[in-house]
Amino acid sequence: MISFNNDYNNGRVFQNYSRMKNIYLKFVVIVLLAVAVYSCQKADNPFHVQSVKIPEGLSHQQKVELSAMVVPHPRQMKWFEDEFFGFIHFGPNTFTGKEWGNGFEDAAIFNPSNLNTDQWCELMKAAGIKRVIMVVKHHDGYCLWQTRYTSHSVASSPWRDGEGDVVRDLVQSCKKFGLRLGIYLSPADLYQIEAPDGLYGNGSEFTDRVIPRPVEGRPFASKRTFTYKADDYNEYFLNQLFELLTEYGPVYELWFDGAHPKPGTGQTYNYEAWFNIIRELAPDAVIFGKGPDTRWCGNEGGATREAEYNVIPLDQSPDTYHWPDKMDDNIAGRDMITEATQYFHYYPAETNTSIRHGWFWRNDNEQQVRSANDVFDIYERSVGGNSVFHLNIPPNTEGLFSHREAEVLKEVGRRIQAVYGNDLLKGGTADCKKILDQKSETYWQAPDKTAEIEFTLPNVTQVNRVLIQEAIAHRGERVEEHHLEAWINGSWVKIADGKTIGYKRILRFPTIQTNRFKLVITQSRLAPAISNISVHYYDEPPKPVVVKRNSQGEVILGVGTGFSWNNHGAIDLSQNIYYTLDGSEPTITSPRYQAPLNLPYGGHLKARAIAGDKMGAVTEMRLGIHKAGWTATDGISDMSETSKIVDGNEHTRWISEEFKAGSKPYITIDMKQEYPFAGFSYLPNVYDGFIESFTVEISKDGNSWQKVYSGNFGNIRNDPSQRLVLFNDRYIARFVKFSELKAPGNLKRVGAAEIDILAD
């Protein structure tokens, strides 16, 4: 038999290609014959294959079948089984209110007044989080541990008289609360770019360097050394990797961002050396992003793919692949397997997003916090969509998770336990009992690429979730299409469908009462193997309130998918909606919504649906002034195009002309009369029309202007959600100008879908 057992030991993939194509084809036939026998078995000899080179001459179908024989490495399985990760962004940006620092920050600016990593870990554990990734150095280059290799760190902070060590604190807290630790070490380093003696892109030669470089008075307990070809910055980076992996372990993940905040430095990275030292010092650690083990899902807003395939086709060896971001909806479907495909590589996706708008904490008034409903929904779609969920929770300037985040985390953990801690199939029966034993190493092997399996609950009960897992550690990811049927009123009724299953698929559907189900697999790459099925019920709270505004400026409230318009602008009132306009939390004693609200000046609206003793999530909106007759101009485009940003329709969009040398793009809004001006909200044009930074000016006559605010929207391109800016002062203006507009990254245009002016 051909051996496909591969590993990234010493930064390389070792592969056995000793057999020729005809022997491989015999192997394929043997495997296909084996899986054609209906079996319900325990795997005796699992193989751990992360990559395979495709022999020449295979047909497309044979390549598709081969992809289903690639299985994750054990470190990837451990990563999958952790499911829900925490992400901690903390550093100088927390105190400056920026998403990306510039490298010029004074090291003393970092000074949390009440840092408590136990609080972080206790709340993350309460949420069901099992792994936490700490940003120990972001792009600004500031180090949150007592590194030997730069003074731009906590050692130069007044915090704990320069003796503090955030990473050390977190290591101890992770051990206390049973969380696995991962480390985000930014390859980009603006301090090392901007400092007079900085190492990043300094033109130094690549020569043999011994890692770690000794530092007088700071010996390492580990006496291991490594020699790599490196320039000054790669040596610096490797030295810090050695510190973190030998003095702060065990480390289970290394997270490498691909951002380049200042292109053109000429700096290159010796990834092979980085990966080698990681494999040597932390063999259980997966390498995320610009590495071979796990990948970004392609957005930072919590969106998930309908079909997440984790065995991806490569047109070259993993040894030489550069691991670009995979952002398309389809990255590994069978139509992506082409003549150019030379390798298959197991490369699972991580769904990462922030609980706040932006990765770092900023003023509470400007950052919305995701509701427990929203976070739980992303959890079900990501963990239940063949991915993992990586939720960022940024500490505030005290060094604590803020109250709003704390409440959401606790509620999400309560829901996960209430729903998925109770398997309604326990004590039931199935065509193969191995799918009921909760063991990943046992599984039902289907007789063919299409198959059915029935399972029965011990009692008729309410159900709205079914969880399915393939035996990916032993048989790979095979299912491409499936659906679920339930026995209702004497017949089988299709109630849910899905594409891939992989590590885990959670099928969600409206609540039904039954005790019989049938999983129907309609398309697979090879005969599928299912290791686990469980059945659950989520006692859902009322749906979130949806807010709309009609052409007359009236505000209309509806509930979730029950929101329905008629010719009179009425809505479905099957659930009672209660609201407030003063920022307080709506309760049963608040005004009940019965008719459209007339709010020409907008307001601070909070609303929730309440059904009996169940209270839905609070929908919070800062409603702008009604924009009837308003116009906008950018000085170049036709006014009718620019005015789309104030037409009240988020589906119409404006995008600027492409920037030219010396151009200073702007937008001016004419509100036609003077209004109070206390802030604004911005919804980007998701088709490459984003504003990252801006200045706000106001005028009463359109000639004399007053600058009132400058700011930026962090991470706007990857999380293109509506952003809110509130001023400290209240102004009176007719004209509002957004000037000095800049786009994120290398984009050459700015744009917007809608801008609202807030009176309060």
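Which residue is surrounded by the fewest Cβ atoms within 10 Å (Cβ to Cβ), if the candidates are limited to segment 114-128 and must be closer than 14 Å to LYS175 by Cβ and under 23 Å from the mean Cα position of the chain (by Cα)?
Filtering segment 114-128 down to residues closer than 14 Å to LYS175 by Cβ leaves 117-118, 120-122, 124-125.
Now narrow it down to the ones that are under 23 Å from the mean Cα position of the chain (by Cα): 117, 120-122, 124-125.
Numbers: THR117: 25, TRP120: 29, CYS121: 24, GLU122: 18, MET124: 27, LYS125: 20.
Only one residue fits best here, namely GLU122.
On the given criteria, is ASN598 under 17 Å from GLY648 (Cα atoms), in contact with a strand residue (DSSP E or B) (Cβ under 9 Å, 6 or more places away or on another chain), outside the structural domain of PHE727 (by TED's automatic domain parsing) and not aliphatic (A, V, I, L, M)? It would help to see each step written out before you state the result.
On the way: under 17 Å from GLY648 (Cα atoms): yes; in contact with a strand residue (DSSP E or B) (Cβ under 9 Å, 6 or more places away or on another chain): yes; outside the structural domain of PHE727 (by TED's automatic domain parsing): yes; not aliphatic (A, V, I, L, M): yes.
Answer is yes for this residue.
What tally of residues in segment 250-270 results from selecting those that are free of Cβ contacts under 8 Å to residues at least 40 places away in the same chain and either small (Gly, Ala, Ser) or in a helix (DSSP H, G or I) (or both)?
Final tally of qualifying residues: 1.
Just one of LEU425, LEU409, LEU400 is part of a loop (DSSP other than H, G, I, E, B), in contact with a Leu (Cβ under 8 Å, 6 or more places away or on another chain), closer than 24 Å to LEU170 by Cα and among the aliphatic types (A, V, I, L, M); which is it? First the steps, then the outcome.
Numbers: LEU425 fails: closer than 24 Å to LEU170 by Cα; LEU409 fails: part of a loop (DSSP other than H, G, I, E, B).
Residue meeting the stated conditions: LEU400.
Of everything in segment 290-325, what is touching a strand residue (DSSP E or B) at 6+ places or on another chain (Cβ under 7 Å) and β-branched (Val, Ile, Thr)? Give them in sequence order.
Across segment 290-325, the qualifying residues are THR294, THR304, VAL311, ILE312.
GLY714 is checked against (1) at pLDDT 95 or above; (2) crowded, with 21+ Cβ neighbours inside 10 Å and fails just one. What number does that condition carry?
(1)
For the condition at pLDDT 90 or above, charged (D, E, K, R) and under 28 Å from the mean Cα position of the chain (by Cα), what is the one hit in GLU692, GLU641, GLU674? Walk me through it before giving the result.
Values: GLU641 fails: under 28 Å from the mean Cα position of the chain (by Cα); GLU674 fails: under 28 Å from the mean Cα position of the chain (by Cα).
On inspection, the qualifying residue turns out to be GLU692.
Only one residue in GLY679, GLY662, GLY635 is within 17 Å of PHE735 (Cβ to Cβ) and part of a loop (DSSP other than H, G, I, E, B). Which one?
Numbers: GLY679 fails: part of a loop (DSSP other than H, G, I, E, B); GLY662 fails: within 17 Å of PHE735 (Cβ to Cβ).
Every option except GLY635 fails the conditions.
Could you tell me whether ARG730 is buried (at least 16 other Cβ atoms within 10 Å of the Cβ) and either within 21 Å of the chain's Cα centre (by Cα) or among the basic types (Lys, Arg) (or both)? Give the derivation first.
Details: buried (at least 16 other Cβ atoms within 10 Å of the Cβ): no; either within 21 Å of the chain's Cα centre (by Cα) or among the basic types (Lys, Arg) (or both): yes.
No; evaluated as a whole, the condition is false for this residue.
Only one of (1) touching a strand residue (DSSP E or B) at 6+ places or on another chain (Cβ under 9 Å); (2) not assigned by TED's automatic domain parsing to the domain that holds SER491 fails for PHE401. Which number is that?
For PHE401, the exception is condition (1).
Quickly run through segment 282-304 and pick out the residues that are assigned to a loop (DSSP other than H, G, I, E, B), within 17 Å of LEU391 (Cα to Cα) and of a type outside the set (Val, Ile, Thr). Explain how you work it out, then say what you get.
Of all residues in segment 282-304, those assigned to a loop (DSSP other than H, G, I, E, B) come to 282-285, 290-293, 297-300, 302-304.
With the extra rule that they be within 17 Å of LEU391 (Cα to Cα), the set shrinks to 297-300, 302-304.
Within segment 282-304, CYS297, GLY298, ASN299, GLU300, GLY302, ALA303 meet the criteria.
If I filter segment 213-230 for residues that are without any contact (Cβ under 8 Å) to a residue 40 or more places away in the chain and either under 30 Å from the mean Cα position of the chain (by Cα) or surrounded by 20 or more Cβ atoms within 10 Å (Cβ to Cβ) (or both), do I get at least one hit?
no
Across segment 233-257, what is the number of residues that are farther than 15 Å from LYS137 by Cα and surrounded by fewer than 20 Cβ atoms within 10 Å (Cβ to Cβ)?
4
Scan segment 162-207 for residues that are of a type in the set (Gly, Ala, Ser) and not in a helix (DSSP H, G or I) and jot them down. Full working, then the answer.
In the first step, residues of segment 162-207 are kept if they are of a type in the set (Gly, Ala, Ser); the result is 162, 164, 173, 178, 182, 186, 188, 195, 198, 201, 203-204.
Across segment 162-207, the qualifying residues are GLY164, GLY178, GLY182, SER186, ALA188, ALA195, GLY198, GLY201, GLY203, SER204.
Residues that are under 14 Å from ILE183 (Cα atoms), acidic (Asp, Glu) and either touching a Cys at 6+ places or on another chain (Cβ under 9 Å) or surrounded by fewer than 23 Cβ atoms within 10 Å (Cβ to Cβ) (or both): does segment 268-287 have at least one?
Yes; the residues of segment 268-287 include at least one that is under 14 Å from ILE183 (Cα atoms), acidic (Asp, Glu) and either touching a Cys at 6+ places or on another chain (Cβ under 9 Å) or surrounded by fewer than 23 Cβ atoms within 10 Å (Cβ to Cβ) (or both).
Among the numbered criteria (1) surrounded by fewer than 20 Cβ atoms within 10 Å (Cβ to Cβ); (2) touching a residue at least 24 places away in the same chain (Cβ under 8 Å), which one does THR320 miss?
Of the numbered conditions (1) surrounded by fewer than 20 Cβ atoms within 10 Å (Cβ to Cβ); (2) touching a residue at least 24 places away in the same chain (Cβ under 8 Å), the odd one out for THR320 is (2).
Got a sec? Which of VAL383, VAL408 is within 30 Å of ASN111 (Cα to Cα) and in contact with a strand residue (DSSP E or B) (Cβ under 8 Å, 6 or more places away or on another chain)?
Numbers: VAL383 fails: within 30 Å of ASN111 (Cα to Cα).
Checking each option against the conditions leaves just VAL408.
Looking for whichever is at pLDDT 95 or above, more than 19 Å from GLU658 (Cα to Cα) and among the acidic types (Asp, Glu) here; the options are ASP719, ASP701, ASP729. Which one fits?
Residue meeting the stated conditions: ASP701.
One line per residue, one yes/no per condition, for (1) in a helix (DSSP H, G or I); (2) in the same structural domain as PRO250 (by TED's automatic domain parsing); (3) among the aliphatic types (A, V, I, L, M):
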{"site": "THR94", "(1), (2), (3)": "yes, yes, no"}
{"site": "GLY103", "(1), (2), (3)": "no, yes, no"}
{"site": "CYS121", "(1), (2), (3)": "yes, yes, no"}
{"site": "MET124", "(1), (2), (3)": "yes, yes, yes"}
{"site": "ASP140", "(1), (2), (3)": "no, yes, no"}
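Does LEU457 qualify as being in a loop (DSSP other than H, G, I, E, B) and either more than 29 Å from the chain's Cα centre (by Cα) or without any contact (Cβ under 8 Å) to a residue 40 or more places away in the chain (or both)? Working first, answer last.
Values: in a loop (DSSP other than H, G, I, E, B): no; either more than 29 Å from the chain's Cα centre (by Cα) or without any contact (Cβ under 8 Å) to a residue 40 or more places away in the chain (or both): yes.
Spelling it out, it is not the case that LEU457 is in a loop (DSSP other than H, G, I, E, B) and either more than 29 Å from the chain's Cα centre (by Cα) or without any contact (Cβ under 8 Å) to a residue 40 or more places away in the chain (or both).
I'd like to know if segment 733-742 contains one or more residues that are touching a residue at least 60 places away in the same chain (Cβ under 8 Å), surrounded by fewer than 16 Cβ atoms within 10 Å (Cβ to Cβ) and of a type outside the set (S, T, N, Q). Write out each step before concluding.
The first filter runs over segment 733-742 and keeps only residues touching a residue at least 60 places away in the same chain (Cβ under 8 Å), leaving 733-741.
From the residues that got through so far, the ones that are surrounded by fewer than 16 Cβ atoms within 10 Å (Cβ to Cβ) too are 740.
Filter once more, keeping what is of a type outside the set (S, T, N, Q): 740.
Yes, segment 733-742 contains at least one residue that is touching a residue at least 60 places away in the same chain (Cβ under 8 Å), surrounded by fewer than 16 Cβ atoms within 10 Å (Cβ to Cβ) and of a type outside the set (S, T, N, Q).
If you go through segment 528-547 one residue at a time, do you hit one that is assigned to a loop (DSSP other than H, G, I, E, B), under 30 Å from PRO447 (Cα atoms) and at pLDDT 95 or above?
To start, the set of residues in segment 528-547 that are assigned to a loop (DSSP other than H, G, I, E, B) comprises 528, 537-544.
Remaining after also requiring under 30 Å from PRO447 (Cα atoms): 528.
After this cut, where a residue has to be at pLDDT 95 or above as well, the list is 528.
Yes - at least one qualifying residue is present in segment 528-547.
The values are calculated or read from the model by the stated rules, or taken from the named source; none is laboratory data. These figures come from a predicted structure and were not determined experimentally. Note: ideal-geometry Cβ built from the backbone for every residue, glycine included; neighbour counts use all protein chains shown.
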